[in-house]
1. In degrees from 0 to 90, rounded to the nearest 10, what is the angle of the helix 44-56 Cα long axis to the longest principal axis of the chain?
2. When you count, for each residue, the other Cβ atoms within 10 Å and take the mean per peptide, how do 131-141, 154-164 rank with the highest first?
3. So what is the 222 nm mean residue ellipticity for the chain from helices alone, if each DSSP H run of at least 4 adds -39500 (n - 2.57) and you divide by all residues, rounding to the nearest 500 deg cm²/dmol?
4. Which FRET efficiency value, to the nearest 0.05, do you get for residue 167 and residue 126 by plugging their Cβ-Cβ distance into 1/(1 + (r/R0)^6) with R0 = 25 Å?
5. Given the Cα-Cα distance of residue 64 and residue 108 and 0.36 nm per residue of separation, how much length would full extension add, in nm?
6. Taking Cα pairs under 8 Å and at least six residues apart, what relative contact order does the chain come out at, in percent?
7. Subtract the Cα-Cα distance of residue 139 and residue 74 from 0.36 nm times their separation in residues, and report this length gain in nm to one decimal.
8. Restricting the count to DSSP beta bridges whose residues both fall in the chain, what percent are antiparallel, rounded to a multiple of 5?
Ligand SMILES: Cc1cc2nc3c(=O)[nH]c(=O)nc-3n(C[C@H](O)[C@H](O)[C@H](O)COP(=O)(O)O)c2cc1C
């Protein structure tokens, strides 16, 4: 289980070798890559996903939830899901991705690592629980602690406003991406 998501640049040589050996898929991605799937309405999760992608460098693919097809899940070696809680649920677009892909990859991705980053105005547990239940169905393995980013959006104006996350939050997302990308590329999960 990752706690602090620290990246160790000294391992980058071994990492490149690992990726070189593991091969490249038909879309030019290393076989052992992290797939970061995001949906965002007012920018929080978009910013989290982009920061994680930056941290993971070339060990990750960044995709909007509506672009993800079963083959993208199959081709990745691990997953980072990030979306807001909307109406006590994960956002609809993220749910649609799971609905579309659930059965085509069932029994084919078991044992792979995953983590989540949920943005919420006050709660977030509902979205978190839903994703965890689906991940349990897929037999994925959580490798980073649950993380709900509280954006404090409570009023209509706050909820509809574009969000700007703190540098500390974005650093944490960057570290999360780095640690997941590295762990996946090295096959340590
Ligand atoms: C339609 C709608 C429903 C929401 N419902 C919830 C909710 O049930 N629980 C919660 O904590 N936040 C809720 N929020 C607040 C969002 O989760 C919060 O603003 C979050 O930062 C949005 O992430 P995003 O900027 O990536 O879209 C809701 C926002 C919208 C637009």
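Please treat every number below as a calculation from the coordinates, not as lab data. Just so we're clear, the structure is a prediction, and the values are computed from it rather than from any experiment. Neighbour counts are summed over all protein chains in view; Cβ atoms, including those assigned to glycine, are modelled from backbone coordinates with ideal geometry.
1. For 44-56 against the chain, the angle is about 20 degrees.
2. 131-141, 154-164
3. Calculated from helices alone, the mean residue ellipticity at 222 nm is -13500 deg cm²/dmol.
4. Once the sixth-power term is evaluated, E becomes 0.35.
5. On the way: separation 44, 0.36 × 44 = 15.84 nm, distance 2.18 nm.
In short, 13.7 nm is gained.
6. Values: 373 pairs, mean separation 59.6, N = 189.
Taking the mean separation of contacting Cα pairs over the length of the chain, I get 32 percent.
7. On the way: separation 65, 0.36 × 65 = 23.40 nm, distance 1.36 nm.
Value of the extension gain: 22.0 nm.
8. 10
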